[in-house]
Each structure stands twice: as C-alpha cells, then as structure tokens.
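The values are calculated or read from the model by the stated rules, or taken from the named source; none is laboratory data. A quick note: this is a predicted structure, and the numbers were derived from the prediction, not measured. Quick reminder, even Gly has a Cβ in these numbers, built from the backbone with ideal geometry, and neighbours come from all protein chains shown.
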Amino acid sequence: MAGPKTGKMRPGRLFGWMVSYENPDGRAIELREGKFFVTSSSIKGSDLILEDPSISTPHALMSISESGLLVQDLMSDHGVFIRSGDERDFRREDGVIRVSHGDWLRFGEVEFLVIVVPSVGR
C-alpha cells in the first residue's frame, strides 16, 4: 500500500481513528462524523483513498454518527472483513456491519485497528 489518503478534511465531530500497522511505526486515519467512500480512486472530495490493488472503486461506504460506525461493502472484488477483539480470524461481511472500539477492519488486503474516542455525555 502506498498509503491511505483522504480528500478534503471532513467536518464533524471526531469519532476516532483507523490505525494501520503495515509500517511498524503505525499510521492513523482520523474518523469524523459523516458518510464517505473507501475507494482506490477519488469519487468525491471526502473519500478515503487506499492505494492498494485489492481496493475497488468504490469499495465500501462508511457512515459515522452518534449511533456509531457502520461499514457496508459495495460489491467490491476483494471484500470487507471484520475481526472483533476476542476473535482469531477475520470474517467476510456483505451487509451493513457495526464496528466497535478494538475491532479490526480489513478492506481487501488492507487492515486497520479501530480506535473510538469515548464521548462524554452520550
């Protein structure tokens, strides 16, 4: 992966980060409330672009709100997978999935640990 890129900075409340450990130093992508595509090439200015041959255009839709983080595969070639903190293996998901703090998300071959900021007053 040449690295995750984002389009314009998305407005909205900070929700958390997706952290990639492909590089031992790690790399974090900020997650803010709103909807955006995970894709290999830009569709809209707020897309999360992952430069990897296993990522489709578009690959998935992410929706972040006060209710949480939802991810939906958009019939990508290489799928969307989740692994909860206590599970050993990723499982492929074709429908809408709710992602929680400590879960691992994989888009094609690109893996991220999801870190959610605790919100006071929610």
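Figures for the structure shown
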read-out: The stretch 12-57, subset of a type in the set (S, T, Y) and modelled with pLDDT under 90, residue surrounded by the fewest Cβ atoms within 10 Å (Cβ to Cβ); value: S42
read-out: Selection from the stretch 53-88 of residues that are touching a strand residue (DSSP E or B) at 6+ places or on another chain (Cβ under 7 Å), closer than 18 Å to V117 by Cα and not β-branched (V, I, T); value: M62, S63, G68, L69, L70
read-out: Residue within the stretch 99-109 that is within 20 Å of E30 (Cβ to Cβ), part of a loop (DSSP other than H, G, I, E, B) and in contact (Cβ under 8 Å) with a residue 24 or more places away in the chain present; value: yes
read-out: Check on E93, in contact with a Gly (Cβ under 9 Å, 6 or more places away or on another chain) and over 21 Å from I43 (Cβ atoms); value: yes
read-out: Tally of residues being loosely packed, with under 14 Cβ neighbours inside 10 Å and either closer than 18 Å to G108 by Cα or in contact with a helix residue (DSSP H, G or I) (Cβ under 8 Å, 6 or more places away or on another chain) (or both) across the stretch 58-79; value: 2
read-out: Any chance D89 is modelled with pLDDT of 95 or more, farther than 20 Å from I49 by Cα and either surrounded by 12 or more Cβ atoms within 10 Å (Cβ to Cβ) or not β-branched (V, I, T) (or both); value: yes
